Each structure stands twice: as structure tokens, then as C-alpha cells.
Amino acid sequence: LIDMLDRYQRLSGNKLWDAKHENLHNEIDRIKKENESMQIELRHLKGEDITSLNYEELIGYEDALENGLTNIREKKDEIPKIMRKREQVLEEENKHLMYLVQQSEMAAMGDYQQHEPFSFRVQPM
């Protein structure tokens, strides 16, 4: 279809595409090429289609993968530390809340005993 439209435009002299559309078309072509390049690089990083790579390119991919693996391991080791820290914070918060509950209960008992001073006193017979 595009070839047919291009041929019509050449033969008739009528401009079907304005500059804006031409720029968009060029941008689409550029993005398609970039996408293809990135797909090839991704396949190489996954270990696919590496027969065409030379020694230096293989070394580069190996270094990139080792750096990535190091970063992943560091992040993986960081997660338990973060979880332990969160656990400590939650334990401290729990202790504080338990203290507040205990203080509240003690205050409530004190208020109750002030209002009913004789209600719970047991005396020997």
C-alpha cells in the first residue's frame, strides 16, 4: 500500500504526505531499528544467538552479566536486613502500646476504686 501511494505521489505530483507525517514516519523507522537492536542485545544477554559475537563482545556481555548478578545478590541480601529492622521497629511499637494499655488499665482501676471504695474489700470473719 505504501509503495502504491508513493508511486501515485511521484506520478501525479500531488503531495500526499506533509512534513509532519514524513517526520513521524522517520521517527517510526528509527524506533523500529532501535527496537530490533535491543531485541538482538537481549537475546545475546540471554545467551541466544551468540555465535556471531567476537571475543571482545563476549567479554563485554560476560562483564555486564557479572555486574548485574552482583547487584542482584546485594539487593537480595539487603532484603532480610530490612525485614529484621522492620521487625525490631514493630516490636518496639508493640512494647510501647502494651505499656500504654497497662497504664490505662491501672488508671481505670484507680478511678473505679476511688468511686467505689468498699466494693471489693474482703475482711476476715
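Which of the residues belonging to region 39-60 are among the charged types (D, E, K, R) and part of a helix (DSSP H, G or I)?
Across region 39-60, the qualifying residues are Glu41, Arg43, Glu56, Glu57.
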* To do: Can you tell me which residue within region 12-33, out of those that are modelled with pLDDT under 80 and hydrophobic (A, V, I, L, M, F, W, C), is surrounded by the fewest Cβ atoms within 10 Å (Cβ to Cβ)?
  => Ala19
* Looking at this structure, is Leu69 at pLDDT 95 or above and of a type in the set (A, V, I, L, M, F, W, C)? -> yes
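The values are calculated or read from the model by the stated rules, or taken from the named source; none is laboratory data. On a predicted model such as this, the values are computed, not experimentally measured, just so you know. FYI the Cβ positions are ideal-geometry reconstructions off the backbone, even for glycines, and counts take in every protein chain you see.
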